[in-house]
1. Based on the Cβ-Cβ distance of Glu106 and Arg187, what FRET efficiency does E = 1/(1 + (r/R0)^6) give at R0 = 25 Å, to the nearest 0.05?
2. In deg cm²/dmol, rounded to 500, what helix-only [θ] at 222 nm does the chain give when every DSSP H run of at least 4 residues adds -39500 (n - 2.57) and the total is split over its residues?
3. Filter the cross-link list Lys34/Lys148; Lys22/Lys169; Lys15/Lys148; Lys22/Lys173; Lys117/Lys209 down to pairs whose alpha-carbon distance in this structure exceeds 30 Å.
4. Could you size up the charge dipole of the chain around its Cα centre, putting +1 on the beta carbon of Lys and Arg and -1 on that of Asp and Glu, and report it in debye to the nearest 20?
5. Quote to one decimal, in nm, the extra length available between Asp176 and Glu56 on full extension: 0.36 nm per residue of separation minus the C-alpha distance between them.
6. Place +1 on the Cβ of every Lys and Arg and -1 on the Cβ of every Asp and Glu in the stretch 4-206, take the dipole about the Cα centre, and give the residue among Ile74, Leu118, Ile59 whose Cα lies farthest towards its positive end.
7. What nm distance separates the two modelled labels at His9 and Asp28, each placed 7 Å from Cα along Cα→Cβ?
8. Hey, with R₀ at 25 Å, roughly what FRET efficiency would Lys63 and Asp124 work out to, going by the Cβ-Cβ distance, to 0.05?
Amino acid sequence: MSEVHLISHPMVQHKLSIMRQKETGSKDFRQLLKEISLLMGYEITRNLPLTEVEIETPISPMKAYRVLGRKLAIVPILRAGLGMVDGLLDLVPVAKVGHIGLYRNETTHEPVVYYCKLPEDIQDRLVIVTDPMLATGGSSCDALDMLKERGCNNIKLMCLVAAPEGIAKVQEKHPDVDIYVAAIDERLNENAYIVPGLGDAGDRIFGTK
Ligand code: PRP
Ligand code: URA
């Protein structure tokens, strides 16, 4: 069974509360999402392997440690997942970025794929899939299926707000994928929106409604 990591750091919780407020506009929403992504990235990259390297300080040579950032790929689920990429890239600037385009059919709530472009060596990388909202879990599960079809076997899912239903679905279909979230909310409503949630993440990031 995959683990669920709830990032309860006070600064993450503080910023998320501002994002949830309906009067918060797109500019602040985007900025806060970027800041939270960097903070969550700190936790999600905690076990990245270190390599020993020889360096010289102004005083003496020493053995030091570096992260093999080239072993990381960030894969946002379009559109809203894009809002979490820049924060992670601030943390690991050499990571590669793939894109998976999915939208939920408004009636059936089933995800529909419209785009997929991934780094060629994606199967050799730790892949961090980003999507602020884990609602029914359909979009995330489809994205994870697509990555596994391409040979990926080291994947983490980074979301902002999750519904219990979405977590259960990912854990059932992808027990090897750990989930990182800043909040687990109460439930889904009749339109499969997270309650209390923060509304439509894509629309709030891009100002489309
Ligand atoms: C939203 C969100 C997730 C998905 C979550 O995307 O960003 O991708 O819904 O719902 P699920 O867990 O029930 O699949 P949406 O389809 O609204 O597309 P958008 O990001 O382009 O707005
Ligand atoms: N997608 C969103 O953007 N918000 C939700 O609450 C559910 C799905």
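Please treat every number below as a calculation from the coordinates, not as lab data. Owing to the predicted nature of the structure, the values given are computational and were not obtained by experimental measurement. Because the Cβ atoms are built from the backbone with ideal geometry, glycine has one as well, and the counts that use them run over all protein chains shown.
1. Working: r = 19 Å, r/R0 = 0.78.
Here the calculated transfer efficiency is 0.80.
2. When only DSSP H runs of four or more count, the value is -9500 deg cm²/dmol.
3. Details: Lys34/Lys148 27 Å; Lys22/Lys169 28 Å; Lys15/Lys148 33 Å; Lys22/Lys173 33 Å; Lys117/Lys209 27 Å.
From Lys34/Lys148; Lys22/Lys169; Lys15/Lys148; Lys22/Lys173; Lys117/Lys209, over 30 Å: Lys15/Lys148; Lys22/Lys173.
4. With Lys and Arg at +1 and Asp and Glu at -1, about 380 debye.
5. 39.2 nm
6. Ile59
7. 2.2
8. Taking R0 as 25 Å, the efficiency between Lys63 and Asp124 is 0.45.
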